[in-house]
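Q: Okay, handing you the structure first.
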Amino acid sequence: MIWLENISFTINKGDRAAIVGPSGAGKTSLLRLINRLASPTSGAIYLENTEYRQIPAIELRRQITLVMQESKLLGMSVREALCYPLKLRGMNATEIKQRMARTIELLHLPEAWLDRTEFQLSTGQKQLVAIARGIILQPKILLLDEPTSALDAGTAARLLQVLTELATNSETTILTVNHQLELAEQFSTRVLHLQGGKLLADSPAHQIDWQQLRQNIVEAEATAEQEW
């Protein structure tokens with residue numbers, strides 16, 4: 001895990017924030033802290049003015065969902081993987097069926113996928129299913145680590161449109177880590193630029209010089225390779 005230093009920012013309801021930076025900048029570490037898979041050694045994290053340590057872990061998990069770049073279905077079928085977290089929350093069969101139908105329609109998941117296991121899905125298909133499993137929980141905050149890394153350009157564009165509608169219509173706050181800056185530029189309303197564990201910039205997306213940002217990241221990665 002990359003150490004982060006003196007990170008301070010505020011994310012508002014409905015924001016679509018892109019966390020960008022070179023490899024090893026601390027982007028995934030930041031997501032893990034937000035989801036409390038790791039704890040800060042100093043400072044504090046707040047959710048709606050309540051300090052994280054005052055929120056029971058089970059309640060925090062109901063409000064924040066993290067979808068990692070490589071998520072597993074643990075031997076379950078797609079249908080079982082989507083239903084399982086809803087059953088854990090005590091939802092009845094009717095509620096689960098309704099959530100399933102909405103999520104499948106939203107992401108245009110083919111009916112044929114539902115009885116497949118992860119071994120019968122491509123990498124891109126597994127990525128979409130993992131994102132569906134995050135969306136079906138209807139969290140207040142959705143954290144996505146490289147959500148388009150295994151998707152073709154058309155599927156990635158459609159997914160970002162779905163996420164944009166989700167943020168707009170339900171005020172879901174979405175934070176993404178994405179090396180594909182052209183997609184981050186299309187999707188985000190906020191940009192957090194990390195490098196070396198530090199927050200270099202926190203800006204509205206429309207104020208970002210994306211060409212300069214690309215150059216900065218390329219130069220940082222080249223420098224890191226030379227030092228290595």
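Q: Taking a ≥ b ≥ c as the square roots of the Cα gyration tensor eigenvalues, with a/c under 1.5 meaning rounded and otherwise prolate when a/b beats b/c, else oblate, which class fits region 1-133? Don't skip to the end; give the middle numbers.
A: Values: a/c = 2.29, a/b = 1.61, b/c = 1.42.
Note, shape of region 1-133 comes out prolate.
Q: Round to the nearest 10 and give me the degree value, 0 to 90, for the angle of helix 210-227's Cα axis relative to the longest principal axis of the chain.
A: Helix 210-227 sits at roughly 80 degrees to that axis.
Q: Continuing with this model, one more query. Out of A167, A44, A205, any idea which swings most in a Gaussian network model of the chain, alpha carbons joined below 10 Å?
A: Taking springs between Cα atoms under 10 Å, the residue moving most is A44.
Q: Out of all Cα-Cα pairs in the chain, roughly what percent, to the nearest whole number, are more than 31 Å apart?
A: Working: 5744 of 25878 pairs.
Cα-Cα pairs in the chain separated by more than 31 Å: 22 percent.
Q: Indicate the gyration tensor shape class of region 67-188 (rounded, prolate or oblate), computed on the Cα atoms with a ≥ b ≥ c the square roots of the eigenvalues: a/c under 1.5 is rounded; otherwise a/b larger than b/c is prolate and the rest oblate. Before the final figure, lay out each step's value.
A: Numbers: a/c = 1.83, a/b = 1.30, b/c = 1.41.
In terms of gyration-tensor shape, oblate.
Q: Turning to a different aspect of this structure: Relative to the longest principal axis of the C-alpha atoms of the chain, give the angle of the C-alpha long axis of helix 153-170, reported between 0 and 90° and rounded to the nearest 10°.
A: 80
Q: Which FRET efficiency, nearest 0.05, do T168 and S8 yield, Cβ-Cβ r, R0 22 Å?
A: Values: r = 27 Å, r/R0 = 1.22.
So, using R0 = 22 Å, E works out to roughly 0.25.
Q: Which peptide among 170-176, 116-122 comes first, and what is the full order, when sorted by highest mean count of other Cβ atoms within 10 Å?
A: On the way: 170-176: 19.9, 116-122: 13.7.
Peptide ranking by packing, descending: 170-176, 116-122.
Q: Highest mean first, what order results for 79-89, 5-15, 212-222 on Cβ atoms within 10 Å? Display every interim value, and only then the final one.
A: Values: 79-89: 16.5, 5-15: 12.1, 212-222: 14.4.
Going by the mean number of other Cβ atoms within 10 Å, highest first, we get 79-89, 212-222, 5-15.
Q: Counting only helical runs of four or more DSSP H residues, what would the 222 nm mean residue ellipticity of the chain come to if each run contributes -39,500 (n - 2.57) and the total is spread over all its residues? The partial results should precede the final answer.
A: Values: 8 runs with 97 residues, N = 228.
Mean residue ellipticity at 222 nm (helix-derived): -13000 deg cm²/dmol.
Since every read-out is calculated from the coordinates, none of them should be taken as a lab result. These numbers come from a predicted model, not from an experiment. Ideal geometry is used to build each Cβ from the backbone, glycine not excepted, and the neighbour counts take in all protein chains shown.
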